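Here the structure is laid out as structure tokens; the discussion comes afterwards.
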Amino acid sequence: MGKKKKDTDILQISLKGAKKRRDKKRLLHTTVEPVQLQKTKTVGQLLDQYASMSIQARNLGQCAQVFDHMLRDKQRPTIFLGLAGPLIAGGLRQVICDMIQQGLVDVIVSTGAILYQDLYTARGYRMYKGDPQANDAQLRSLYVDRIYDTYVDEEKFWETDCWVSRFADTLTPGLYSSRAFLSQLGRTIKDPHSIVGIAYRQGVPIFSPAMNDSSLGIGLTEHYHRTKKSKTPRVVIDSIRDNYEITQIVVQSKKTAAIYIAGGVPKNYINDAVVMSYIFGRDTGGHQYAFQITTDAPHWGGLSGSTLKEATSWGKVNQQATTAMAFIEPTVGLPLVVAHALEKKSYKQRKPLSFMWENDELISISQKKHGKQKK
């Protein structure tokens, strides 16, 4: 007993002073609450409980809360959605379509691979369950491509490459931003579950700044090769025009918000659009809301895993921004966060945006009153 009392006395001495007691009370203020499944009937309720848990459950719950705040903000921030990683192969195509259809996002920045796989699927081709331990040499001999545990048909990829190339033939030759090209492409897509098709019908611009690094780029290279041989004019994607166009969206928005799924080029591009605002004589102050779902870690120094706090040092995310970051594989995390938003109906008061373009000039951004914009 004596030793125990002595130890307690030492603790009392070390915590002597009102400030230390206040600091301790402040730190030990909010309790961690265990998830109670018997009281949980919906995904939204589960995510609400996640926010009171710990580790990545809490982080994902906080992402859902940030999403709720950005959707409810009466100043109607323009929400940018960055997409990277094997999201279509992973089964997230319809979740992304739901985000567009329900007005949860206003602008999309995506890798070319995600958009290409959406088009591949829109043409009636499928993804198949595979084996991450498969014999890849045998798969190659059968023209089966593997994306971790998913198989796709290389022959159908070739066909889709050529289809993209032939589509480019139908356009007026000249310079196109990826947004302008994808808008024209979306016009032709009849699949009601296509990301590119729904974005066109909803008037949501899609940028793909790294389109070259995808099968979309391969298809356009085939178009380039044929037109070069025939000495005829061609379609060319002007990536700097992309910069010019997306920065105008940031500059003309009252506020901006960002959602980063994985990382890569789309994450940096959405952030650099803020930095580039100085070209138009503006300092927007950075995104007012941001959340990210990724498996990349910050301590390697790469951008995909870099924290949103680090982005604040660059002026990309506002110093007072509401942010959250969950280190969770997106096929697990994104459906839960989107389901939370759909259940809470936090998007109901948001009117869709109408972007009026004249070539590379953004004439205006306005909130639609009725109907859907197509161009």
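Worth a mention:
- The stretch 25-82-the stretch 248-308 distance, computed between alpha-carbon centres (Å): 21
- Kirkwood Rh and Cα Rg combined as Rg/Rh, the chain: 1.06
- Between R282 and V35, the distance separating the two model label sites (each 7 Å from Cα on the Cα→Cβ line) works out to 4.0 nm.
- Computed from the C-alpha gyration tensor, the three semi-axes of the ellipsoid equivalent to the stretch 81-193 are 26, 19, 12 Å, from longest to shortest.
- Greater than 20 Å apart at Cα, pairs in K156/K231; K267/K309; K254/K344; K74/K348; K74/K255: K156/K231; K254/K344
- Summary of the geometry: the stretch 221-235 and the stretch 117-172, compared by the centres of their Cα atoms, lie 24 Å apart.
- Placed amide H near I147: partners under 5 Å, 5+ positions off or other chain: V152
- Spin-label zone in the stretch 163-203 - amide nitrogen under 16 Å from a point set 7 Å from the Cα of K229 along the C-beta vector: 163, 165-166, 169
- Against the chain, whose longest principal axis is taken from its Cα atoms, helix 215-230 shows a tilt of about 20°.
- Phi angles of the stretch 67-81 translate, via the Karplus equation with coefficients 6.51, -1.76, 1.60 and θ = phi - 60°, into HN-Hα couplings of 4, 4, 5, 5, 6, 8, 4, 5, 7, 6, x, 6, 9, 9, 10 Hz per residue; Gly and Pro are given as x.
- Average Cα contact separation per residue, the stretch 70-177, under 8 Å, 6 or more apart, as relative contact order %: 21
- In degrees, nearest ten, helix 178-187 long axis to first principal axis of the chain (Cα): 70
- Normalised by the number of residues in the stretch 39-367, the average gap of Cα pairs under 8 Å and 6 or more apart makes the relative contact order 25 percent.
- The chain: calculated mean residue ellipticity at 222 nm from DSSP helix runs of at least 4, using -39500 (n - 2.57): -14000 deg cm²/dmol
- Positive-end residue of L175, A89, M53, charge dipole of the chain with Cβ unit charges: M53
- Using R0 = 35 Å, the C-beta based FRET efficiency linking D213 and R72 works out to 0.45.
- For the stretch 39-367, size of Cβ-based charge dipole, Lys and Arg +1, Asp and Glu -1, in debye: 900
- Peptides 65-78, 307-320, 97-110, 125-138, ordered by how many other C-beta atoms sit within 10 Å of their residues on average, highest first, read 97-110, 65-78, 307-320, 125-138.
- Applying 1/(1 + (r/R0)^6) with r as the Cβ-Cβ distance of S52 and R126 and R0 = 56 angstrom yields a FRET efficiency of 0.90.
- Amide H partners (placed H, <5 Å) of W357, local residues excluded: I363
- GNM result for the chain, Cα springs below 10 Å: residue of S194, S277, S54 fluctuating most strongly: S54
- Size of electric dipole in the stretch 154-267: Cβ of Lys, Arg +1 and of Asp, Glu -1, about Cα centre, debye, nearest 20: 400
- Linear extension gain, K345 paired with Q367, 0.36 nm per residue minus alpha-carbon span: 6.0 nm
- Working from label points 7 Å from Cα in the Cα-to-Cβ sense, the K20 to T331 distance is 5.2 nm.
- Angle in degrees between helix 18-27 and the longest Cα principal axis of the chain, rounded to the nearest 10: 40
Values quoted throughout were computed directly from the atomic coordinates according to the rules given, and no laboratory measurement underlies them. All values reported here derive from a predicted model rather than from experimental measurement. No Cβ is skipped: glycine too gets one built from the backbone with ideal geometry, and neighbour counts run over all protein chains shown.
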